[in-house]
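Here the structure is laid out as C-alpha cells; the discussion comes afterwards.
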Amino acid sequence: MQRDMEKLRLLEWLEGQGLVTRDQFATLLAEPMRHAFAATLLHGVSRCASQLFVIQLEDLELLEDPVNVPGTSYQYPNWQRKLAVPLEMLFSEQRVQSLLRAIAMERG
C-alpha cells in the first residue's frame, strides 16, 4: 500500500513535468518497470537543480540486484557481479544514447 502511494506521487510529479499523462497512471502502476519508463524517470530527475547527477548502470539495464554491494567477501562477494552486457554494448544501444542526449540537454 505504501509503495503504491509513493509510485502514485511520483507519477503525479512526472505529470507535472509533462512527461506522463493521467491516463497512463493505471498502466504504469500495474506493470513492472520497463526501459521506456526508467528513461522517463531519469529524464525527469535530470531537470532537478543539482551540481551532480549520477545514473546507476544497473538502472540502464533494469537490473534488480546492484552490481557492487559493499560488504565483506563472505557477506557479499564485492565486485564479482557483472553487468548483463559489456559497457561498450550498453553505451552503443540507441535507447541509452537517446536517453543520455536528453539528459545532457536538460542539464545544459
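The values are calculated or read from the model by the stated rules, or taken from the named source; none is laboratory data. Keep in mind that what you see is a predicted model, and the values were worked out from it rather than measured. Cβ atoms come from the backbone with ideal geometry, glycine included; neighbour counts cover every protein chain shown.
Only residues that are at pLDDT 90 or above and either assigned to a helix (DSSP H, G or I) or exposed (fewer than 10 other Cβ atoms within 10 Å of the Cβ) (or both) were counted across the range 51-72, and they come to 3. Screening 43, 35 for residues that are within 18 Å of residue 64 (Cβ to Cβ) and surrounded by 10 or more Cβ atoms within 10 Å (Cβ to Cβ) leaves exactly one candidate, 35. The residue of the range 1-22 that is surrounded by the most Cβ atoms within 10 Å (Cβ to Cβ), among those that are polar (S, T, N, Q) and more than 19 Å from residue 48 (Cβ to Cβ), is 21. If you go through the range 22-42 and keep only what is in a loop (DSSP other than H, G, I, E, B) and more than 23 Å from residue 101 (Cβ to Cβ), you end up with 31, 32.
Residue count for the range 5-21 under the criterion of being in a helix (DSSP H, G or I) and either among the hydroxyl-bearing types (Ser, Thr, Tyr) or touching a helix residue (DSSP H, G or I) at 6+ places or on another chain (Cβ under 8 Å) (or both): the result is 7.
Is it true that some residue in the range 75-93 is in contact with a His (Cβ under 8 Å, 6 or more places away or on another chain) and either at pLDDT 90 or above or not in a loop (DSSP other than H, G, I, E, B) (or both)?
no
Does residue 98 count as at pLDDT 90 or above and under 18 Å from residue 34 (Cβ atoms)? The answer is yes for residue 98.
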